[in-house]
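The values are calculated or read from the model by the stated rules, or taken from the named source; none is laboratory data. No experiment lies behind these values; they were computed from the predicted model shown. All Cβ positions, glycine included, derive from the backbone under ideal geometry; neighbour counts span all protein chains shown.
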Amino acid sequence: MAQPDKEQVPDDRGGKTVPILQSGLLFVNFFLIITALYQLKPASRSQILEVIGAKDLPWVWIGSALTLFVFINIYNRVLRRVGRLRVVLGSALLAMAALFGFRLGLESGGAVAPIAFYIFVDLVGVILVE
């Protein structure tokens with residue numbers, strides 16, 4: 001019986017192995033996502049309260065819930081077809097690109113960008129973290 005390399009850990013999926021480097025990178029990825037989320041949540045909440053106020057916030061929550069319902073279904077379909085690792089890394093890259101877009105959009109003013117940013121942060125919290 002062959003001994004596993006020091007850089008690999010045995011996996012229960014038919015004798016395949018998962019490299020420790022891959023596990024380490026996924027840990028760093030998760031840590032950075034959580035760190036970013038702890039910065040994004042207060043920013044999105046303060047932006048939305050500044051623009052629309054607390055009285056209209058329940059409408060944004062409803063919009064967020066409906067958006068999450070749609071995106072989670074799409075995400076699960078893509079996850080089944082493409083594979084978990086590619087979807088996680090692709091989602092992180094898309095989130096980074098979206099953050100650059102929001103950076104420009106939030107400077108323009110108006111209510112649309114803060115509402116979209118609020119919903120986006122909820123999406124990041126569900127899709128990338130959970």
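Checked against the criteria, Ala97 counts as out of contact with any Leu (no Cβ under 7 Å at 6 or more places or on another chain) and either surrounded by fewer than 12 Cβ atoms within 10 Å (Cβ to Cβ) or not in a loop (DSSP other than H, G, I, E, B) (or both).
Could we say that Ile48 is out of contact with any Pro (no Cβ under 6 Å at 6 or more places or on another chain), aliphatic (A, V, I, L, M), outside any loop (DSSP other than H, G, I, E, B) and in contact (Cβ under 8 Å) with a residue 60 or more places away in the chain here?
Numbers: out of contact with any Pro (no Cβ under 6 Å at 6 or more places or on another chain): no; aliphatic (A, V, I, L, M): yes; outside any loop (DSSP other than H, G, I, E, B): yes; in contact (Cβ under 8 Å) with a residue 60 or more places away in the chain: yes.
Here the answer is no, as Ile48 does not meet what is asked.
Number of residues in region 100-119 that are surrounded by 19 or more Cβ atoms within 10 Å (Cβ to Cβ) and either within 11 Å of Ile52 (Cα to Cα) or over 19 Å from the mean Cα position of the chain (by Cα) (or both) equals 2. For region 73-94, the tally of residues that are free of Cβ contacts under 8 Å to residues at least 24 places away in the same chain, in a helix (DSSP H, G or I) and either farther than 26 Å from Ser108 by Cβ or touching a Leu at 6+ places or on another chain (Cβ under 8 Å) (or both) stands at 13.
Of all the criteria given as (1) over 22 Å from the mean Cα position of the chain (by Cα); (2) modelled with pLDDT of 85 or more; (3) surrounded by 12 or more Cβ atoms within 10 Å (Cβ to Cβ), the one not satisfied by Glu50 is (3).
Being modelled with pLDDT under 85, assigned to a helix (DSSP H, G or I) and of a type outside the set (S, T, N, Q) is a description that applies to Leu25.
For region 51-72, which positions are on the phi < 0 side of the Ramachandran plot, free of Cβ contacts under 8 Å to residues at least 24 places away in the same chain and not hydrophobic (A, V, I, L, M, F, W, C)? Show your work before the answer.
Just the residues of region 51-72 that are on the phi < 0 side of the Ramachandran plot, to begin with: 51-52, 54-72.
After this cut, where a residue has to be free of Cβ contacts under 8 Å to residues at least 24 places away in the same chain as well, the list is 54-59, 61-62, 65-66, 69-70.
Selection gives Lys55, Asp56, Pro58.
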